[in-house]
Every structure is written in C-alpha cells, then in structure tokens.
Amino acid sequence: PLKQLIVVTPTYNRAFQAYFLHRLGQVLRLVKPPLVWIVVEEKTVSLETAEILRKTGVMYWHVVSTRNSSHVKDRGVHQRNAALEHIERHKLDGIVFFADDDNVYTLGLFESLRTISRFGTWPVAMLERSKNKAILEGAVCNVSQVIGWHTNEKSKRLRRFHVDMSGFAFNSTILWDPKRWGRPFSNPIHQLDTVKEGFQETTFIEQIVEDESQMEGIPPGCSRIMNWHLHLDTGALVYPKGWQLQKNLEVT
Ligand code: UDP
C-alpha cells in the first residue's frame, strides 16, 4: 500500500485566495490516494473556503486555529501548530508536508514524498523578493546524503538549515515518538511562536533532526526542482470597474 500523505496548508482571506486554493486542490486531486489535506484557517472557518474544499474531491479536514495571535504577524505558525495537534490527536500516520497555498507544486513532488522514511528535504526555486531574480534554497546532495545548502538571502545566512517551509517533509511518527531521535523535545512547533521571520523552518527542523546525517535528500542528487515559491504579491490589486471583491475570495 502507498504511504499516506498529510498535506498541511495554512490559509487566510485575501485576494487570489480562491485561485491559490483551487490550484493546489487540483494538483492534490491528481495525487494517488491515500492523501489527506489539512487546511487551517485562523479564528473562523470561512464558507467560501469550505465550498472550494468540498468541490476539490480531495479528502480534507477543515480546521480552525483558535489561538489569538492578532498582535503578531505569525505567517501561519499557529495554524501549522493547530494542524500538528490535529495529527497528534488523531494519530494520523503518514508523511507530513507543509504546503503553503501560494506555491506551485509538481505531481512528481508528491510521488517523491512517498520515498521519505523519516525526514526528507529538497531544493525549492524561488524569486528573490526585491530583485526579480530566480534563486534556489535548500539541499545540495550527493545521492541522498545532504552535503550543503543553496542560499542567497544575506539576512538568513545565520540559519542552521537553509530550507523553505515547503522544502521538507517528515514522518508523523516523529511527533509522538520523541525517543526516535535520541533526545526528548517538548511539543516542537509551539516554540516557534516567538521565532523571527525567515527562521521558522530551521527552528522547527533543528528540533526534529540533529544534523544533515539524519536527512534524506530527494530525489537522489536533489537535482530536480519540484516546487516553486514565487511570492506573488496580491496586496494592492485594482479590480475591473464595478467589480467587487467578495470576502476576499472570488471577484464578482
Ligand atoms: N498565512 C496565513 N495567515 C497569515 C499569513 C500567512 O494563513 O496571516 C499562510 C498563507 O496562506 C500561506 C503561508 O501562510 O499558505 C505562507 O504565507 P506567505 O505566503 O504570506 O509567506 P511567504 O511565503 O511570503 O513567506
């Protein structure tokens, strides 16, 4: 039997959210089951999101993160925590992958996730925010051994691991078997609450693996781009005259 994939997506109401969720949902629909999509919103479940999820035909959980984090811009941290709690509570067995809603994913990525036994990572292609330059972030590998990191952003050089949020995945057993890694940890992601931007991923990963020797680079050689992080800025969109953005999802 194929290994279950547990895809975690934090999302929030904004322009293009419908586009992002439709696009991701349609890729997930093409992935061979078993796959479960955990979509997490903040504070309330939106009916618009629920409708999109219903129509995708993907098996999903629509979860709300109730913790109030309105005073900090946490970029989905509480939502990812809520998903991890959900996975723990229901003892969902599978490969956990944080798929941000705005990224572009190949089908091959999801096939590769199934080759992970404990912790897998790979390089992600992205656009540098300011310069419109394509860059890579993530593992450099010798076959499946991680031997270095691609990184370009100066501000982030101090990170231990140069991995994008959608550039790693891990076996859910890690969440309820702390001894597996030879050192106990408290609920890992919760410690992310105070982590500054750009350090979320490394802070999380440092809590579940000791070093590169415990990582599996995928696919062998890490020489294929399987997803893109484009930072599509939809903050200041202008709409056709007379059209309205209803609840930040669909334009009518
Ligand atoms: N996100 C969210 N609430 C927020 C900010 C971000 O749910 O207040 C989600 C967003 O939908 C996406 C992920 O967190 O799935 C990453 O957000 P974003 O793309 O803004 O971060 P970036 O990729 O630019 O670092």
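Just so it is clear, none of the values below were taken in a lab; they were calculated from the coordinates. It should be emphasised that the depicted structure is a prediction, and the values quoted were computed from it without experimental measurement. Virtual Cβ from ideal backbone geometry, glycine too; neighbours counted across all protein chains shown.
Some notes on this structure:
- Working from the Cα coordinates of the range 18-79, the gyration tensor eigenvalues give, after taking √(5λ), semi-axes of 24, 12, 11 Å in decreasing order.
- Packing-based ranking, highest mean first, of 50-60, 133-143 given that Cβ atoms within 10 Å are counted: 133-143, 50-60
- For 168, 199, 119, order by how many other beta-carbon atoms lie within 10 Å, fewest first: 199, 119, 168
- Residues 95, 205 in ascending order of nearby Cβ atoms (within 10 Å, fewest first): 205, 95.
- Long-range HN-HN contacts of residue 38 with modeled amide H, under 5 Å: 7, 8, 9, 61
- For the range 1-146, the C-alpha radius of gyration sits at 1.08 times the compact-globule guess of 2.2 N^0.38 Å, with N the residue count.
- Filter on 32/133; 32/241; 3/55; 3/133 - keep pairs with C-alpha separation over 31 Å: 32/133; 32/241; 3/133
- For residue 140, the residues 5 or more places off, or on other chains, whose built amide H falls under 5 Å of its own are 147, 148, 149, 150.
- For the range 110-126, the Karplus equation 6.51 cos²θ - 1.76 cosθ + 1.60, evaluated at θ = phi - 60°, returns couplings of 5, 5, 5, 4, 6, 8, 6, 9, 10, 9, x, 8, 7, x, 10, 8, 9 Hz by residue, with Gly and Pro reported as x.
- Across the range 15-28, computed HN-Hα scalar couplings (Karplus, 6.51 cos²θ - 1.76 cosθ + 1.60, θ = phi - 60°) run 4, 6, 4, 4, 4, 4, 5, 4, 4, 5, x, 5, 5, 4 Hz from first to last residue, x flagging Gly and Pro.
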